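> Quick one: structure below, then a few questions.
What follows is calculated from the coordinates using simple rules that are stated; it is not laboratory data. Please read all numbers here as calculations on a predicted model, not as lab measurements. Note: ideal-geometry Cβ built from the backbone for every residue, glycine included; neighbour counts use all protein chains shown.
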Amino acid sequence: MTRLRITGFLLTGFICVLVMALPVWAHHSVQAQFDIHKSVSVSGTVAKIEWINPHSYLTVNVKDPEGKLQKWAFELGGAAALRRAGMSRADRGGLKPGDQVTVTALPARDGSNSGFLQELKIADGRTYKFTTDANGQ
Amino acid sequence: MPLSRYCRIMAVAAALCFLPAAVLAQEFSPIKRNNNAPPKPSGPTPRIADGHPDLTGVWNGLGDNLLGVPNQIANNGLSIESESVTRDLHSGALIATFPRNTTRPLNNEQSERAATLLRRVGSNKPIYKPEYWEMVKNLDHNSNEEDPSNNCMPAGIPRAGIPSYIGQFPNYFIFIYPGQGGLIATQTMYRMIPADGRKHTPLQDLDGTYTGEGIAHWEGDTLVVDTWGFTSNTWFDQLGGYFHSENMHVTERFHRDGNTLTWTATVEDPDVLLEPWTTTPRVALLNPRPGAMLPESQPCSERDLSHIVTKEHH
């Protein structure tokens with residue numbers, strides 16, 4: 001038990017440390033790709049979530065007005081930003097393919113089905129907010 | 001212990017196990033840093049049996065250089081010392097700067113543009129032959145399309161900077177440079193560098209590669225890595241459009257002092273440069289955690305550059 005308690009304490013400390021992450025450097029200008037003054041919102045099911053460089057991606061299957069399935073790709077902030085928004089794996093219990101989501105994002109300026117994730121609403125009503133702050137975190 | 005608490009701990013432990021290791025390393029920082037001044041050395045310098053310093057270790061300090069390379073701004077010869085003051089490490093001059101390194105709610109346009117300018121004010125710049133000045137300027141201006149390493153290609157040498165891991169063996173060294181998604185998006189590179197007294201392969205017999213043919217030797221306590229045989233598809237510094245020819249010759253110097261490793265690279269390329277250029281020294285910190293291991297880096301898949309609609313860039 002004592003050992004478990006120590007483990008828990010250490011892990012909690014570790015999580016706290018993770019929250020104070022350094023600024024994230026983007027490999028491209030956010031405003032060169034996304035309109036930071038507008039937003040777009042779509043609902044659908046999670047196709048995949050990928051932890052990759054230089055940006056992680058959430059891909060969502062969205063039905064268009066004719067009922068045809070379209071893929072939307074949403075760029076994610078770093079893992080620290082997801083944790084700050086309360087979306088660590090422990091909090092969310094794991095977002096998995098097939099989950100119903102509503103995504104609000106900064107729309108791509110080239111009109112493609114893509115955006116920069118700002119808010120994610122999951123099936124049970126919980127909403128996670130992400131902000132693009134001055135340091136791009 | 002109540003079962004719910006136990007479950008919570010186990011859930012957190014499981015989450016940590018499953019989170020990509022590189023993400024943890026990239027974002028592990030026990031100190032909220034508000035400057036990026038090069039770290040100061042402390043502790044003894046370990047030595048191997050023949051008396052040379054032992055460079056073996058995970059040289060990612062507090063995780064900084066898995067985000068990119070250590071002290072990315074210092075890489076361009078700059079050290080952010082406070083919210084509004086930056087030091088040019090080459091000249092020593094202080095530069096009043098827009099408060100880039102701040103928590104104040106500036107909007108992204110201001111912040112990004114200020115950072116882009118700041119990265120270019122360092123005074124230590126390579127001098128190209130006049131006929132290439134326009135080309136270098138255009139490569140930098142159009143770096144969204146032109147940067148050869150920003151779409152998950154290798155950064156090359158010396159752009160990759162200090163390796164995040166050095167393994168020192170009697171007759172060779174292993175250098176590992178994890179892929180990154182910071183200022184540029186690059187894939188993992190490794191180098192196996194002999195230190196057995198061999199000579200270079202004649203340049204004309206080498207196919208140009210991203211890390212070239214590196215051969216190491218000691219000059220006193222400094223490890224010197226001499227490399228040629230490069231592809232021309234890299235830039236030799238983080239920013240600026242600094243292209244080079246296949247005849248580039250790079251001399252890197254690694255000097256360990258306690259828990260720090262100081263690195264410089266000298267670039268000789270008479271095809272395009274008027275004179276050799278040496279980077280401003282960069283300093284990496286040994287990872288202070290006992291038993292530190294180099295984590296797996298995330299795979300790189302670039303999907304943004306084809307959607308970019310303006311010339312703004314890093």
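> Once fully extended, how much extra length lies between B:H52 and B:E83, figured as 0.36 nm per residue of separation less the alpha-carbon to alpha-carbon distance?
Result: 7.1 nm gained on full extension.
> Give the order of B:Y172, B:Y242 when sorted by the count of other beta carbons within 10 angstrom, beginning with the fewest.
Ordered by Cβ neighbours within 10 Å, fewest first: B:Y172, B:Y242.
> Rounded to the nearest 0.05, what FRET efficiency do B:H200 and B:E131 give with R0 = 35 Å and r taken as the Cβ-Cβ distance? Could you check?
Efficiency, from the Cβ-Cβ distance: 0.75.
> Between the DSSP loop rule and a limit of at most 10 other Cβ atoms within 10 Å, which GluC sites (Glu not before Pro) in region B:196-247 are left?
Numbers: sites: B:E213, B:E219, B:E246; in loops: B:E246.
Passing sites in region B:196-247 do not exist.
> Now for a different question. For each pair in A:K63/A:K121; B:K129/B:K199; A:K68/A:K96, compute the distance between the two Cα atoms and list the pairs where it is over 20 Å.
B:K129/B:K199; A:K68/A:K96
> What order, most packed first, do the peptides B:305-311, B:229-235 have when packing is the mean number of other Cβ atoms within 10 Å of each residue? Mind dumping the intermediate values first?
Working: B:305-311: 15.0, B:229-235: 21.1.
So the peptides B:305-311, B:229-235, ranked by packing, come out B:229-235, B:305-311.
> Kirkwood Rh, Cα Rg: Rg to Rh for region B:155-314?
Across region B:155-314, the Cα-based Rg/Rh ratio is 0.97.
> For region B:191-206, what does the Karplus curve 6.51 cos²θ - 1.76 cosθ + 1.60, with θ = phi - 60°, yield as ³J(HN,Hα) per residue in whole Hz, taken in order and with x for Gly and Pro?
My calculation for region B:191-206 gives 9, 10, 10, x, 9, 10, x, 5, 9, 5, 5, x, 4, 5, 8, 9 Hz in order.
> To continue, here is another question. What are the trypsin sites (Lys or Arg not before Pro) within region B:165-204 that DSSP puts in a loop, where the Cβ has at most 12 other Cβ atoms within 10 Å?
B:R198, B:K199
> Suppose each label sits 7 Å from its Cα in the direction of the beta carbon; what would the B:T222-B:N171 distance come out to in nanometres?
For the pair B:T222/B:N171, the computed spacing is 2.8 nm.
> Take peptide A:53-66, look around each residue's Cβ out to 10 angstrom, count Cβ atoms belonging to other protein chains, and average those counts.
4
> Can you give the average number of partner chain beta-carbon atoms within 10 Å of each beta-carbon in peptide B:292-305, as a whole number?
Values: counts 0, 0, 0, 0, 0, 1, 7, 4, 4, 7, 6, 8, 16, 5.
Whole-number average of other-chain Cβ neighbours for B:292-305 is 4.
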